[in-house]
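This report concerns only the one structure given below.
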Amino acid sequence: MQASEVEKPRIVILISGTGSNMVAIAEALQKEESDSGIDAEIVGVISNRPTATGLEKAQAMGLHTDIIDHTLYASRDEFDHALIRMIEDLNPDVVVLAGFMRILTADFTRYYEGRLLNIHPSLLPKYQGLNTHQRALDAGDDIHGVTVHFVTEELDGGPNAIQAIVPILDVDNAQNLQQRVHAQEHIIYPIAVKWFCEGRLTMKGNEALLDNKVLPATGIQLQS
Ligand code: GRF
């Protein structure tokens, strides 16, 4: 087989909103020849919200999109099984949660174990769940940040791959802190997806590995 015939890793991205992380990853794919580029293919962007503005951005980038409206399903189980069927039609190697605002069932997370990534706006394990920026400010923390991690059954609890640390300034409020964190998200998510697509980032047991070396609990840390 010629090198050019080798199938690229297939990425499915799940969104619920603006999709700026999805765009950051898609842009990294467009730069596949550069050091920060990703040699892979986004085979679908799926939103559980029909009005998600990220859908238009994906279409403008020529990406295939699907909608699966969670409000049309009687239970979380039914929705997650339908979502698995929709994803499986796209035959992905990795499923990337990029602002996908749904709690996933254990059936779903087990199905995609080791090939399901998420980005969470805090230095996990701190501040699982919502309102992370305000919670970091209320706690008087000096630093905050964002984490890309493998998804397991525990909400925001799977092993960390990479974190960006964002210093908290005296003048910060939740809004401007969120903006600085968001800017870092667009840097670290493409890095993590690139590592995964190159076969460098893996999960074994409840640990993340880079180049077959177990990562520290924080994941690789970048300072912003
Ligand atoms: C980000 O803040 C991410 O950390 C969280 O959801 C948000 C998604 O933003 N999981 P976007 O839709 O990628 O702009």
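The values are calculated or read from the model by the stated rules, or taken from the named source; none is laboratory data. What you see is a predicted model, and the numbers here were worked out from it, not measured in a lab. With ideal geometry, Cβ positions are generated from the backbone for all residues, glycine too; neighbour counts draw on all protein chains shown. With ligands, DNA and RNA removed, areas are computed over all heavy atoms of the protein, side chains included. Shrake-Rupley method; radii C 1.70, N 1.55, O 1.52, S 1.80 Å.
Being charged (D, E, K, R) and surrounded by 15 or more Cβ atoms within 10 Å (Cβ to Cβ) is the requirement here; does D156 meet it? Considered against the rule, which asks whether it is charged (D, E, K, R) and surrounded by 15 or more Cβ atoms within 10 Å (Cβ to Cβ), D156 comes out as yes. Are any of the residues in the range 196-212 among the hydrophobic types (A, V, I, L, M, F, W, C), open to solvent by 50 Å² or more (accessible area, probe 1.4 Å), in contact with a strand residue (DSSP E or B) (Cβ under 7 Å, 6 or more places away or on another chain) and modelled with pLDDT of 95 or more? Checked against the condition, which is being among the hydrophobic types (A, V, I, L, M, F, W, C), open to solvent by 50 Å² or more (accessible area, probe 1.4 Å), in contact with a strand residue (DSSP E or B) (Cβ under 7 Å, 6 or more places away or on another chain) and modelled with pLDDT of 95 or more, the range 196-212 yields no hits at all.
Restricting the first member to the range 195-217 and to residues that are touching a residue at least 12 places away in the same chain (Cβ under 8 Å), and the second to residues that are crowded, with 19+ Cβ neighbours inside 10 Å and part of a helix (DSSP H, G or I), the beta-carbon pairs closer than 6 Å and six or more apart or on different chains are L201/W195. For L29, the test of being open to solvent by less than 60 Å² (accessible area, probe 1.4 Å), more than 13 Å from the ligand (Cβ to nearest atom) and either touching a helix residue (DSSP H, G or I) at 6+ places or on another chain (Cβ under 9 Å) or closer than 21 Å to E88 by Cα (or both) is passed. Across the range 5-28, the qualifying residues are those that are over 26 Å from Q178 (Cβ atoms) and not acidic (D, E), and the one among them that is modelled with the lowest pLDDT is V6. Give the range 133-151 a look and list any residue that's outside any strand (DSSP E or B) and under 18 Å from V193 (Cα atoms), or say none. Answer for the range 133-151, where residues must be outside any strand (DSSP E or B) and under 18 Å from V193 (Cα atoms): just V151.
Looking at this structure, is G44 touching a strand residue (DSSP E or B) at 6+ places or on another chain (Cβ under 6 Å), outside any strand (DSSP E or B) and crowded, with 19+ Cβ neighbours inside 10 Å? Against the criterion (touching a strand residue (DSSP E or B) at 6+ places or on another chain (Cβ under 6 Å), outside any strand (DSSP E or B) and crowded, with 19+ Cβ neighbours inside 10 Å), G44 does not qualify.
I'm trying to understand the selection: among the residues of the range 34-66, which are at pLDDT below 95 and either under 14 Å from V96 (Cβ atoms) or touching a Phe, Trp or Tyr at 6+ places or on another chain (Cβ under 7 Å) (or both)? The answer is I38, and nothing else.
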